[in-house]
Amino acid sequence: MPIPMTDGSSALKRGLLRDDVYTRLRDAIVDGTFAPGEQLRDLDLAQWLGVSRTPVREALMRLGAAGLVTTAPGRSTTVAPLDVRTIRDAQGVVAAMHRLAVQQAVPLLTADDLTAMREANRAFARAMRRQDPDAALAADDEFHAIPVRATGNEALAAVLDQFTPVLRRVERLRFSSLSGRSSLALHERLVDLAEDGDAEAAADVSHETWQTLQPLLDTL
């Protein structure tokens, strides 16, 4: 798919951080705007986003570390294919990190945090009913981000930021089907256990949630 044409509305405002460029490119890969194998030229991307080439190049380096793009010496950068081994490796890391996050967060979660998690799960349910995988991904991201933020563990957050996008490409496929609805009950159970203060059981459910990708991986 070619770089999307722009009328200026998609341009990033000056002064936005490099993270904004990374996020826009990451999301474009996750949602399929940029397909596996597609070439990504920094000049074209810079024009699309309305920024200089420097933050684009830095974002492409981060995307490479996350396994979303590949760059060969002297050749252009391309969107990485859906590689099962890479996805399985990322799944193991992400599941373990979220288990740790919930285990650490349960004693720290406030009533507002728990309410926010329930609302995120309701937003997830609404998105699934509308068959809107992008909204489902956003709601799922918010649900799992709450305990991560509660921990204040920056190292844990950094690991998740690196490896979660690889899984999100596959999860988008899952959230496009009825199989994604199994996460609703797991989310609700996790919040109930967290509200009861059972950190170990809540952590186990969190880990189980990230294992629901397994049937889809077996088909790739």
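Things to note:
- Cα gyration tensor category, rounded, prolate or oblate, for segment 18-79 with a/c compared to 1.5: rounded
- Only Lys, Arg, Asp and Glu carry charge here, each on its Cβ (+1 for the first two, -1 for the last two); on that basis the chain has a dipole of about 860 debye about its Cα centre.
- From phi via Karplus (6.51, -1.76, 1.60), per-residue ³J(HN,Hα) for segment 91-104 in Hz, x at Gly/Pro: 4, x, 5, 5, 4, 5, 5, 5, 4, 5, 4, 5, 4, 6
- Footprinting exposure proxy for Glu154, Glu208 (fewest neighbouring C-beta atoms within 10 Å first): Glu154, Glu208
- Charged side chains reduced to their Cβ positions (Lys and Arg at +1, Asp and Glu at -1) give segment 18-79 a dipole of some 200 debye around its Cα centre.
- Segment 84-217 shape via C-alpha gyration tensor axes, a/c threshold 1.5: oblate
- When the charge dipole of the chain is built from unit charges on Cβ atoms (+1 for Lys and Arg, -1 for Asp and Glu) and taken about the Cα centre, the candidate among Val94, Thr209, Thr54 whose Cα reaches farthest toward its positive end is Thr54.
- Computed lengthening from Asp161 to Arg57, 0.36 nm per intervening residue step minus Cα-Cα distance: 35.6 nm
- Of interest is the spacing of the C-alpha centroids, which for segment 105-125 and segment 26-91 amounts to 32 Å.
- Relative contact order computed over segment 107-220 (Cα-Cα under 8 Å; 6+ residues apart), in percent: 29 percent
- Shape call, segment 157-220: gyration tensor on alpha carbons, a/c limit 1.5: oblate
- Set of segment 142-157 residues, backbone N closer than 18 Å to the point 7 Å along the Cα-Cβ line of Leu184: 142-144
- Placing a label point 7 Å from the Cα of Asp31 along the Cα-to-Cβ direction, the residues of segment 101-127 whose backbone N falls under 19 Å from that point are 123-127.
Rule-based calculations on the coordinates, nothing more; no lab input. If you're wondering where the values come from, they're calculated on a predicted model, not measured in any experiment. Cβ: placed from backbone, ideal geometry, glycine included. Neighbour counts: every protein chain shown.
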